[in-house]
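What follows is a short report on a single structure.
The values are calculated or read from the model by the stated rules, or taken from the named source; none is laboratory data. Note that this is a predicted model, so its numbers are computed, not measured. Glycine also receives a Cβ, built like all others from the backbone with ideal geometry; neighbour counts cover every protein chain displayed. Note: areas computed on protein heavy atoms with side chains; ligands, DNA, RNA excluded. Shrake-Rupley method; radii C 1.70, N 1.55, O 1.52, S 1.80 Å.
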Amino acid sequence: MSNGVRTVETPASGAEVRKLPAAPAAELSGKAHELWTGEYYNEGVVGQGGMFDKLNEECGVFGVYGHPEASQLCYYGLHALQHRGQESAGICTVEDGKFNYYRGMGLAKEVFTNDNLEPLVGSTAIAHVRYSTAGESKLANAQPLVFKYREGDLAIATNGNLDNANIIKRELERKGSIFQTTSDTEVMAHLIARSEHDDIVDAVKDALKQVIGGFAFLIITKDKMIAALDPNGLRPFMIGRLGDAYLFASESCAFDAVGATYMRDVQPGEIIVLDRDGFHSERFADEGRRAICAMEYIYFARPDSDIDTINIHSARKRMGKRLAMEAFVDADVVTGVPDSSISAAIGFAEQTGIPYELGLIKNRYTGRTFIIPSQELREQGVKMKLSAVRKVVEGKRVVMIDDSIVRGTTSLRIVNLLREAGATEVHVRISSPPFMNPCYYGIDTPDRKELIAAMNSIEEIRKAINADSLHFLTRDGLLDSIGQGASGAKSGYCTACFDNEYPTEIVDTTKVGCACD
């Protein structure tokens, strides 16, 4: 296989998995972590938030077909999906073949007002929230993207990443295509436009067969809505109903926000067409190794969402329980790092009988606060977003539950927060395996050499984050905790970030991040 990628067989299923070269072992560098490089204290480096070096959310898509208040439903749907992206928001509607759209930078509540929602009339609409980056913010990259097409306008919203987008883009540019954005979504539009098929559905299928990666697409034309999911089902994508209307969303919590009911998940390799003749489903590709992103269950999705009928909160509680069985430690209190680790912390506490306490409190209203970048304020910056509750942790042995460790800077500062508040011991338990490999399917991850678990042993990480002990959930423990969804024996998960087994060929190892950027 090209670019040094090699193919191995999975004994359990015989399905193909791809492994990239393993990261070389290395000593933890003594170089101090730079807390930020932009004018805002929490901008950080390459989208990782510096002192809050969590993985960036992917993106969220929402669509409505056949409802007179489609744009208003999209607005509330975007609110429910806001955790998946805070960089930009957009809605595009269709009425009598006319496209109406509005996009802006910021949160959905900041972008949309009554004045700019009112013109977005029509019973068909798609909407998008984009994840936040530390790089240049471009309105041109905000979605949905709207294009002129020989058969009329079309608009596209995407969650995910096309690994071969740069390769396709260079080839298209050699043939005369001119790109206006840096988004993978525009690559998809050019492929559709250049298709030999005049029928839009055939053109979309033709384009889908040329791309590699993890993606959920929503496309609207003057009289159709088209939804498609990658052949491995890497991205979450589901269908709902509200009366006679059909809805699509990245998470089921968006259906709850608008009073809709969950119908089913979009299947890997499936393309769905909605038009005046009804609901049509077919395949544009054979289903590959089913591999929904495990990080959705660990970190990204909202606790009240269900993916493949598996509730996220319940799965995270099981992760915490399993973590307690794998790595028990005698302590006085258990606390979780807000917000995604709370469910796992509750599970750990229930399994061990150690009381769960709110030892850490998140300030939800800091935003991108400008401060003078003095060293003193750099050190205080973490406290603007997170506080330790002294009366809860003082004089106590604390088990701190978190969902992942990326660079280690976050964990170090939180451990030190607890120690400064008087904790006598801080034992760190992570409800996922060590994050050792970059994601090529839509998660904004650092280069492998910046991932602390790729370059250091667990003991070296423990010392680096100043913890008394450190344990990660095993891969088997993670998969057992998630369990089997509606797909039953066919359920499968992408764990490449932990085990280096990629479900698709990785043709461009420089293409890390989200399709929106």
_Suppose we filter region 347-363 for residues that are in contact (Cβ under 8 Å) with a residue 24 or more places away in the chain, open to solvent by 40 Å² or more (accessible area, probe 1.4 Å) and closer than 20 Å to Arg390 by Cα; how many remain?_
5
*Total residues in region 246-267, condition out of contact with any strand residue (DSSP E or B) (no Cβ under 6 Å at 6 or more places or on another chain) and of a type outside the set (D, E, K, R)*: 5
_When the residues of region 384-396 are narrowed to those that are without any contact (Cβ under 8 Å) to a residue 60 or more places away in the chain and in a helix (DSSP H, G or I), which ends up least open to solvent (accessible area, probe 1.4 Å)?_
Val392
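A quick yes/no check of all residues on (1) assigned to a helix (DSSP H, G or I); (2) of a type outside the set (Lys, Arg); (3) modelled with pLDDT of 90 or more; (4) touching a Ser or Thr at 6+ places or on another chain (Cβ under 9 Å):
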{"residue": "Ala157", "(1), (2), (3), (4)": "no, yes, yes, yes"}
{"residue": "Ile178", "(1), (2), (3), (4)": "no, yes, no, no"}
{"residue": "Thr182", "(1), (2), (3), (4)": "no, yes, no, no"}
{"residue": "Thr185", "(1), (2), (3), (4)": "yes, yes, no, yes"}
{"residue": "Ala189", "(1), (2), (3), (4)": "yes, yes, yes, no"}
{"residue": "His197", "(1), (2), (3), (4)": "no, yes, yes, no"}
*Find all pairs meeting these conditions: Cβ atoms under 7 angstrom apart; at least six residues apart or on different chains; first residue within region 64-77 and within 11 Å of Cys92 (Cα to Cα) and surrounded by 24 or more Cβ atoms within 10 Å (Cβ to Cβ); second residue at pLDDT 95 or above and of a type in the set (Phe, Trp, Tyr).*
Cys74/Phe62
*Going through region 90-111 one residue at a time, which ones are under 20 Å from Leu154 (Cβ atoms) and of a type outside the set (Lys, Arg)?*
Gly90, Ile91, Cys92, Thr93, Val94, Glu95, Asp96, Gly97, Phe99, Asn100, Tyr101, Tyr102
*Among the residues of region 166-191, which ones are touching an Asp or Glu at 6+ places or on another chain (Cβ under 8 Å), surrounded by fewer than 24 Cβ atoms within 10 Å (Cβ to Cβ) and of a type outside the set (Phe, Trp, Tyr)?*
Asn166, Ile167, Gln180, Thr182, Leu191
*Taking the stated definitions as given, is Met263 in contact with an Asp or Glu (Cβ under 8 Å, 6 or more places away or on another chain), within 22 Å of His79 (Cβ to Cβ) and hydrophobic (A, V, I, L, M, F, W, C)?*
no
*asked:* For region 200-310, give me every one of the strands (runs of 3 or more DSSP E) that falls completely inside it and has 1 or more residues that are without any contact (Cβ under 8 Å) to a residue 40 or more places away in the chain.
replied: 238-242, 261-265, 278-283
*Tally of residues being crowded, with 23+ Cβ neighbours inside 10 Å, more than 18 Å from the chain's Cα centre (by Cα) and part of a loop (DSSP other than H, G, I, E, B) across region 435-458*: 0
*strands (runs of 3 or more DSSP E) wholly inside region 84-155 that include at least 1 residues being free of Cβ contacts under 8 Å to residues at least 24 places away in the same chain*: 98-105, 145-149
*Any chance you could count how many residues in region 91-107 are open to solvent by less than 50 Å² (accessible area, probe 1.4 Å), of a type outside the set (Val, Ile, Thr), under 25 Å from the mean Cα position of the chain (by Cα) and under 24 Å from Arg150 (Cα atoms)?*
1
*Go through region 402-423 and give me each residue that's open to solvent by less than 10 Å² (accessible area, probe 1.4 Å) and among the charged types (D, E, K, R).*
Asp402, Asp403
_Just the residues that are in contact with a strand residue (DSSP E or B) (Cβ under 9 Å, 6 or more places away or on another chain) and either open to solvent by 60 Å² or more (accessible area, probe 1.4 Å) or modelled with pLDDT under 95 (or both), please, taken from region 464-477._
Asn466, Asp468, His471
*Out of all the residues in region 253-262, which are of a type outside the set (A, V, I, L, M) and more than 20 Å from Val273 (Cα to Cα)?*
Cys253, Asp256, Gly259
*Could you check how many residues of region 311-331 are more than 20 Å from Ala291 (Cα to Cα) and not in a helix (DSSP H, G or I)?*
5
*Taking Val399 and the conditions (1) surrounded by fewer than 22 Cβ atoms within 10 Å (Cβ to Cβ); (2) touching a helix residue (DSSP H, G or I) at 6+ places or on another chain (Cβ under 8 Å), which numbered condition does it fall short on, given that it satisfies the others?*
(1)
